[in-house]
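Student: Quick one: structure below, then a few questions.
The values are calculated or read from the model by the stated rules, or taken from the named source; none is laboratory data. Bear in mind that the values here come from a model prediction, so they are computed numbers and not experimental data. All Cβ positions, glycine included, derive from the backbone under ideal geometry; neighbour counts span all protein chains shown. Accessible surface areas use protein heavy atoms only, side chains included; no ligands, DNA or RNA. Shrake-Rupley method; radii C 1.70, N 1.55, O 1.52, S 1.80 Å.
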Amino acid sequence: MKKLVPYLFTQLRYPYTLPALPYAYEALEPHFDKATMTVHHQKHHQAYIDNLNKALEAYPQYQSYTIEELIIDQHALPADLKMVVQNHGGGHYNHSMFWQILSTTFDQQPTAIIAQKIDIAFGSFDKFKEAFDKAARTVFGSGWAWLCLDQKDNLVVVATPNQDNPLAQGLRPLLGLDVWEHAYYLKFQNKRVDYIDAWWHLVNWQEVEAVYKKASTI
Ligand code: MN
(Lines give C-alpha, C1' and ligand atoms only; values in the text may rest on other atoms or scores of the structure.)
Protein backbone atom coordinates (compact mmCIF):
# COMPACT_ATOMS: atom_id res chain seq x y z
CA MET A 1 0.00 0.00 0.00
CA LYS A 2 1.36 3.38 -1.02
CA LYS A 3 1.73 5.62 2.02
CA LEU A 4 -0.39 8.73 1.78
CA VAL A 5 0.93 12.22 2.34
CA PRO A 6 -1.25 14.93 3.87
CA TYR A 7 -3.30 16.97 1.39
CA LEU A 8 -6.24 18.35 3.38
CA PHE A 9 -6.63 20.05 6.75
CA THR A 10 -2.88 20.61 6.78
CA GLN A 11 -3.37 23.47 9.25
CA LEU A 12 -5.20 21.36 11.83
CA ARG A 13 -2.91 20.37 14.68
CA TYR A 14 -2.69 20.33 18.50
CA PRO A 15 -4.28 22.03 20.36
CA TYR A 16 -7.26 21.36 18.14
CA THR A 17 -10.17 23.80 18.11
CA LEU A 18 -13.69 23.58 16.76
CA PRO A 19 -13.74 24.97 13.21
CA ALA A 20 -16.50 27.52 12.60
CA LEU A 21 -19.20 26.39 10.20
CA PRO A 22 -19.15 28.20 6.83
CA TYR A 23 -22.93 28.87 7.22
CA ALA A 24 -25.47 29.49 9.99
CA TYR A 25 -26.96 26.56 11.94
CA GLU A 26 -30.36 27.16 10.36
CA ALA A 27 -29.03 27.69 6.83
CA LEU A 28 -29.57 24.08 5.75
CA GLU A 29 -33.27 24.00 6.65
CA PRO A 30 -35.62 22.45 5.74
CA HIS A 31 -33.27 19.55 4.99
CA PHE A 32 -31.16 19.65 8.17
CA ASP A 33 -32.67 21.42 11.19
CA LYS A 34 -31.07 24.07 13.38
CA ALA A 35 -31.33 22.06 16.63
CA THR A 36 -29.52 19.02 15.23
CA MET A 37 -26.86 21.14 13.53
CA THR A 38 -26.19 23.05 16.74
CA VAL A 39 -25.84 20.07 19.05
CA HIS A 40 -23.96 18.06 16.43
CA HIS A 41 -21.37 20.80 15.95
CA GLN A 42 -21.12 22.32 19.45
CA LYS A 43 -21.45 19.14 21.51
CA HIS A 44 -20.55 16.07 19.47
CA HIS A 45 -17.78 17.51 17.33
CA GLN A 46 -16.38 19.47 20.28
CA ALA A 47 -16.23 16.29 22.39
CA TYR A 48 -14.04 14.52 19.82
CA ILE A 49 -11.68 17.51 19.83
CA ASP A 50 -11.53 17.67 23.63
CA ASN A 51 -10.76 13.97 23.94
CA LEU A 52 -8.07 14.13 21.26
CA ASN A 53 -6.40 17.13 22.94
CA LYS A 54 -6.54 15.44 26.33
CA ALA A 55 -4.78 12.33 25.02
CA LEU A 56 -2.11 14.36 23.22
CA GLU A 57 -1.23 16.24 26.42
CA ALA A 58 0.69 13.14 27.49
CA TYR A 59 2.44 12.76 24.12
CA PRO A 60 4.32 15.98 23.26
CA GLN A 61 6.27 14.13 20.56
CA TYR A 62 3.05 13.82 18.53
CA GLN A 63 1.73 17.33 19.10
CA SER A 64 3.33 18.64 15.91
CA TYR A 65 1.50 16.08 13.77
CA THR A 66 -1.46 17.29 11.74
CA ILE A 67 -4.77 15.47 12.10
CA GLU A 68 -4.09 13.66 8.81
CA GLU A 69 -0.60 12.60 9.86
CA LEU A 70 -1.98 11.15 13.09
CA ILE A 71 -4.63 9.15 11.23
CA ILE A 72 -2.30 7.98 8.44
CA ASP A 73 0.36 6.91 10.99
CA GLN A 74 -2.02 5.64 13.66
CA HIS A 75 -0.77 2.04 13.41
CA ALA A 76 2.67 3.19 14.60
CA LEU A 77 1.37 5.08 17.64
CA PRO A 78 1.38 3.79 21.24
CA ALA A 79 -1.72 1.61 21.72
CA ASP A 80 -3.65 3.99 23.99
CA LEU A 81 -3.01 6.97 21.73
CA LYS A 82 -3.83 4.95 18.60
CA MET A 83 -7.26 4.15 20.04
CA VAL A 84 -7.95 7.83 20.76
CA VAL A 85 -6.75 8.89 17.30
CA GLN A 86 -8.93 6.25 15.62
CA ASN A 87 -12.04 7.29 17.55
CA HIS A 88 -11.65 10.97 18.40
CA GLY A 89 -9.06 12.00 15.81
CA GLY A 90 -11.28 10.33 13.25
CA GLY A 91 -14.25 12.12 14.77
CA HIS A 92 -12.52 15.48 14.34
CA TYR A 93 -11.45 14.88 10.73
CA ASN A 94 -14.74 13.28 9.71
CA HIS A 95 -16.90 16.08 11.06
CA SER A 96 -14.58 18.76 9.64
CA MET A 97 -15.12 17.21 6.20
CA PHE A 98 -18.84 16.67 6.78
CA TRP A 99 -19.50 20.40 7.39
CA GLN A 100 -17.25 21.46 4.54
CA ILE A 101 -19.06 19.46 1.86
CA LEU A 102 -22.54 20.78 2.74
CA SER A 103 -23.91 23.82 0.92
CA THR A 104 -26.67 26.36 1.36
CA THR A 105 -27.06 26.23 -2.44
CA PHE A 106 -29.34 23.21 -2.60
CA ASP A 107 -29.55 20.53 -5.29
CA GLN A 108 -26.21 21.13 -6.95
CA GLN A 109 -25.10 18.76 -9.68
CA PRO A 110 -21.61 17.23 -9.69
CA THR A 111 -19.10 19.44 -11.50
CA ALA A 112 -17.82 18.21 -14.88
CA ILE A 113 -14.62 16.68 -13.53
CA ILE A 114 -16.40 14.76 -10.76
CA ALA A 115 -19.30 13.73 -13.02
CA GLN A 116 -16.83 12.22 -15.49
CA LYS A 117 -14.95 10.34 -12.74
CA ILE A 118 -18.29 9.03 -11.42
CA ASP A 119 -19.35 7.83 -14.87
CA ILE A 120 -16.03 6.01 -15.33
CA ALA A 121 -16.21 4.31 -11.94
CA PHE A 122 -19.93 3.57 -11.60
CA GLY A 123 -21.44 3.88 -15.10
CA SER A 124 -23.74 6.77 -14.23
CA PHE A 125 -24.62 9.16 -11.43
CA ASP A 126 -27.71 7.10 -10.59
CA LYS A 127 -25.61 3.96 -10.20
CA PHE A 128 -23.20 5.84 -7.96
CA LYS A 129 -26.09 7.17 -5.86
CA GLU A 130 -27.49 3.67 -5.54
CA ALA A 131 -24.14 2.31 -4.32
CA PHE A 132 -23.65 5.20 -1.91
CA ASP A 133 -27.19 4.94 -0.53
CA LYS A 134 -26.75 1.21 0.01
CA ALA A 135 -23.46 1.78 1.87
CA ALA A 136 -25.04 4.46 4.06
CA ARG A 137 -28.24 2.54 4.78
CA THR A 138 -26.52 -0.71 5.67
CA VAL A 139 -23.91 0.54 8.15
CA PHE A 140 -24.78 -1.52 11.23
CA GLY A 141 -24.93 0.78 14.24
CA SER A 142 -22.80 3.90 13.92
CA GLY A 143 -20.49 4.80 11.08
CA TRP A 144 -19.96 6.64 7.82
CA ALA A 145 -20.39 6.24 4.07
CA TRP A 146 -17.66 7.69 1.87
CA LEU A 147 -16.70 8.52 -1.68
CA CYS A 148 -12.94 8.06 -1.93
CA LEU A 149 -10.06 7.92 -4.35
CA ASP A 150 -8.35 4.54 -4.23
CA GLN A 151 -4.65 3.84 -4.79
CA LYS A 152 -5.18 3.75 -8.57
CA ASP A 153 -7.02 7.10 -8.57
CA ASN A 154 -10.39 5.46 -9.17
CA LEU A 155 -13.48 6.53 -7.26
CA VAL A 156 -14.84 3.99 -4.80
CA VAL A 157 -17.68 3.91 -2.27
CA VAL A 158 -16.88 2.46 1.14
CA ALA A 159 -18.45 2.39 4.60
CA THR A 160 -16.53 2.56 7.87
CA PRO A 161 -17.66 1.72 11.41
CA ASN A 162 -17.61 4.19 14.32
CA GLN A 163 -15.31 7.13 13.47
CA ASP A 164 -12.81 5.12 11.43
CA ASN A 165 -11.41 7.22 8.60
CA PRO A 166 -10.60 5.78 5.15
CA LEU A 167 -7.10 7.33 5.25
CA ALA A 168 -6.11 4.47 7.55
CA GLN A 169 -6.92 2.06 4.67
CA GLY A 170 -4.91 4.05 2.13
CA LEU A 171 -8.03 5.67 0.65
CA ARG A 172 -8.43 9.43 0.18
CA PRO A 173 -11.89 10.69 1.26
CA LEU A 174 -13.65 13.22 -0.98
CA LEU A 175 -17.08 13.12 0.61
CA GLY A 176 -18.39 11.62 3.86
CA LEU A 177 -21.88 11.05 5.23
CA ASP A 178 -22.31 10.66 8.98
CA VAL A 179 -24.94 7.99 9.74
CA TRP A 180 -24.61 8.05 13.53
CA GLU A 181 -28.03 8.47 15.12
CA HIS A 182 -26.84 11.73 16.70
CA ALA A 183 -26.74 13.18 13.17
CA TYR A 184 -30.47 12.68 12.57
CA TYR A 185 -32.41 11.46 15.58
CA LEU A 186 -33.92 14.80 16.68
CA LYS A 187 -35.54 15.44 13.29
CA PHE A 188 -35.88 12.04 11.68
CA GLN A 189 -36.00 9.73 14.75
CA ASN A 190 -35.14 6.24 13.50
CA LYS A 191 -35.67 7.04 9.79
CA ARG A 192 -32.09 6.99 8.52
CA VAL A 193 -33.28 6.68 4.92
CA ASP A 194 -35.14 10.00 5.12
CA TYR A 195 -32.04 11.66 6.55
CA ILE A 196 -29.91 10.28 3.71
CA ASP A 197 -32.45 11.59 1.18
CA ALA A 198 -32.29 15.03 2.84
CA TRP A 199 -28.49 15.02 2.74
CA TRP A 200 -28.36 14.59 -1.05
CA HIS A 201 -29.97 18.04 -1.43
CA LEU A 202 -27.05 19.58 0.45
CA VAL A 203 -23.96 18.11 -1.18
CA ASN A 204 -21.50 20.82 -2.15
CA TRP A 205 -20.09 19.38 -5.36
CA GLN A 206 -17.87 22.43 -5.94
CA GLU A 207 -16.20 21.69 -2.64
CA VAL A 208 -15.94 17.97 -3.47
CA GLU A 209 -14.10 18.99 -6.64
CA ALA A 210 -11.79 21.23 -4.61
CA VAL A 211 -10.96 18.30 -2.30
CA TYR A 212 -10.50 16.03 -5.34
CA LYS A 213 -8.02 18.47 -6.86
CA LYS A 214 -5.90 18.34 -3.72
CA ALA A 215 -6.26 14.57 -3.25
CA SER A 216 -5.41 13.71 -6.85
CA THR A 217 -2.05 15.51 -6.80
CA ILE A 218 -0.41 13.31 -4.17
MN1 MN B 1 -21.56 13.08 13.95
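Student: Give me P(r) over the chain, computed from all C-alpha to C-alpha distances, binned every 10 Å, as integer percentages.
Tutor: Computed distribution, short to long bins: 8, 35, 38, 17, 2.
Student: Still on this structure, please answer the following. If you average 1/r over all unlike Cα pairs in region 108-171 and invert the result, what Kirkwood radius do you get in angstrom?
Tutor: Over region 108-171, the inverse of the mean reciprocal pair distance is 12.4 Å.
Student: Then there is this: Please report, in whole Å, how far the alpha carbons of region 112-215 spread along each principal axis, starting with the longest.
Tutor: Answer, in whole Å and largest first: 37, 28, 22 Å.
Student: So what's Rg/Rh here for region 34-100, counting alpha carbon atoms and using the Kirkwood radius for Rh?
Tutor: Ratio of gyration radius to Kirkwood radius: 1.01.
Student: For the chain, report the accessible area per residue in Å² (1.4 Å probe, heavy atoms, rounded to an integer).
Tutor: 45 Å²
Student: Okay, next question. What ranking do 121-133, 28-40 get when scored by the average of other Cβ atoms within 10 Å per residue, highest first?
Tutor: By packing density, highest mean first, the sequence is 28-40, 121-133.
Student: Quick one: Cα centre-to-centre distance for region 118-137 and region 25-55, in angstrom?
Tutor: 28 Å
Student: Taking just the C-alpha trace of region 1-119, give me its Rg and Dmax in Å.
Tutor: 16.5, 47
Student: So, one more: In the full protein assembly as shown, how much of Lys3 is accessible to a 1.4 Å probe, in Å² to the nearest 10?
Tutor: 140 Å²
Student: I've got another one for you. On the accessible surface of region 94-218, probed at 1.4 Å, how many percent belong to carbon and sulfur atoms?
Tutor: 50 percent
Student: Net charge around Asp150, counting only other residues with Cβ within less than 14 Å of its Cβ (Lys, Arg = +1; Asp, Glu = -1)?
Tutor: +3
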